[in-house]
Amino acid sequence: STGIDTDEFDGLALHLGIFHQPSGQLIATCRLICSLWSDRFYSEHEFDCGEVLKSSEIKLEVGRVCVHSEFRKSVMLILLWRGIAEELRQT
């Protein structure tokens, strides 16, 4: 009804966003779910993740990567990866 695609995992996740400075428009986003704050991952519904999840290592799922069609250049993915790297550094 809102026109926004959401699911049960959005509330468990950290959402990174890139905003276009002149307009303030959200132009790129991705969703991060980390085993430090969640024991559930979207990927479990699509793949057999049993062996990966048994590991005591910290796991990070990156999903729902979206980039506005007018900004789909390699720099957007680089900026998203930079944000992901910064989150990992702080974890």
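The values are calculated or read from the model by the stated rules, or taken from the named source; none is laboratory data. As the structure is a computational prediction, the values presented were derived from the model and not from experiment. We place every Cβ from the backbone using ideal geometry, glycine too, and count neighbours over all the protein chains shown. For accessibility, only protein heavy atoms count, side chains too; no ligands or nucleic acids. Shrake-Rupley method; radii C 1.70, N 1.55, O 1.52, S 1.80 Å.
For region 24-41, filtered to residues that are of a type outside the set (A, V, I, L, M) and touching a Lys or Arg at 6+ places or on another chain (Cβ under 8 Å), the residue that is nearest to Met76 (Cα to Cα) is Thr29. Taken over region 1-33, the criterion of being closer than 9 Å to Arg64 by Cβ and small (Gly, Ala, Ser) is satisfied by Ala13 alone. With respect to Val75, determine if the residue is in a helix (DSSP H, G or I) and open to solvent by 80 Å² or more (accessible area, probe 1.4 Å). Criteria not met by Val75. Here region 20-34 is the region considered, the condition is being assigned to a loop (DSSP other than H, G, I, E, B) and in contact (Cβ under 8 Å) with a residue 24 or more places away in the chain, and the residue that is least open to solvent (accessible area, probe 1.4 Å) is His20. Identify, please: which residue in region 41-72 is open to solvent by 90 Å² or more (accessible area, probe 1.4 Å) and part of a loop (DSSP other than H, G, I, E, B) and is, among those, farthest from Leu26 (Cα to Cα)? Looking at residues that are open to solvent by 90 Å² or more (accessible area, probe 1.4 Å) and part of a loop (DSSP other than H, G, I, E, B), I get Ser56.
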